[in-house]
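Quick notes on the structure that follows.
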Amino acid sequence: DQCFEPVKEKDAVRAATLAKISKTQIHIAYEIFKLSSKDRIISTLKKEASSPSPSSIPQQVQEEIQEIEKKYRLMVKKRLNHFYSEDIGACETKDAKKKKLADIFDNTIK
């Protein structure tokens with residue numbers, strides 16, 4: 001599923017050149033666009049399930065929503081992992097690296 005794949009580096013450079021902004025700004029704009037797409041997809045799934053409250057949404061739909069949210073989160077974390085590779089790489093354990101990336105992600109989303 002390529003719906004939440006990050007922008008390829010060569011595409012980001014080309015778009016940044018055309019738009020006269022940085023490739024980081026291209027990545028962020030793409031993530032914002034995908035966030036909007038994610039929200040529309042989830043809203044559609046909830047409407048199709050005919051249930052406004054999360055507690056009465058069928059399990060299959062809840063799992064699909066969780067999978068969509070996970071794919072978006074991983075897309076953003078890939079960029080953050082690349083951008084903050086020195087900070088994350090300075091952590092000694094894999095758990096510490098995961099925690100650092102999670103903290104960066106939380107601060108980015110806020």
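The values are calculated or read from the model by the stated rules, or taken from the named source; none is laboratory data. Note that the structure is a prediction, hence the values are computed from the model and not measured. Heads up, the Cβs are rebuilt from the backbone with ideal geometry, glycines too, and the neighbour counts pull from every protein chain shown. Each accessible area value is taken on the protein alone, full model and side chains, heavy atoms only, with ligands, DNA and RNA left out. Shrake-Rupley method; radii C 1.70, N 1.55, O 1.52, S 1.80 Å.
When only residues in region 17-26 that are free of Cβ contacts under 8 Å to residues at least 12 places away in the same chain and within 18 Å of Leu80 (Cα to Cα) count, which is most open to solvent (accessible area, probe 1.4 Å)? If we take residues in region 17-26 being free of Cβ contacts under 8 Å to residues at least 12 places away in the same chain and within 18 Å of Leu80 (Cα to Cα), then Gln25 is most open to solvent (accessible area, probe 1.4 Å).
I need the full set of residues from region 1-52 which are of a type in the set (Gly, Ala, Ser) and part of a helix (DSSP H, G or I), in order please. Ala12, Ala15, Ala16, Ala19, Ala29, Ser36, Ser37, Ser43, listed by residue number. For region 33-86, filtering for residues that are of a type in the set (Ser, Thr, Tyr), modelled with pLDDT under 90 and open to solvent by less than 90 Å² (accessible area, probe 1.4 Å) leaves 3.
Scanning for something closer than 24 Å to Ile42 by Cα and surrounded by fewer than 12 Cβ atoms within 10 Å (Cβ to Cβ), does region 87-104 turn up at least one residue? Within region 87-104 (the criterion being closer than 24 Å to Ile42 by Cα and surrounded by fewer than 12 Cβ atoms within 10 Å (Cβ to Cβ)), the answer is no, since none of the residues qualifies. The condition (being over 14 Å from Val7 (Cα atoms) and free of Cβ contacts under 8 Å to residues at least 24 places away in the same chain) is satisfied by just one residue among Glu64, Glu69: Glu64.
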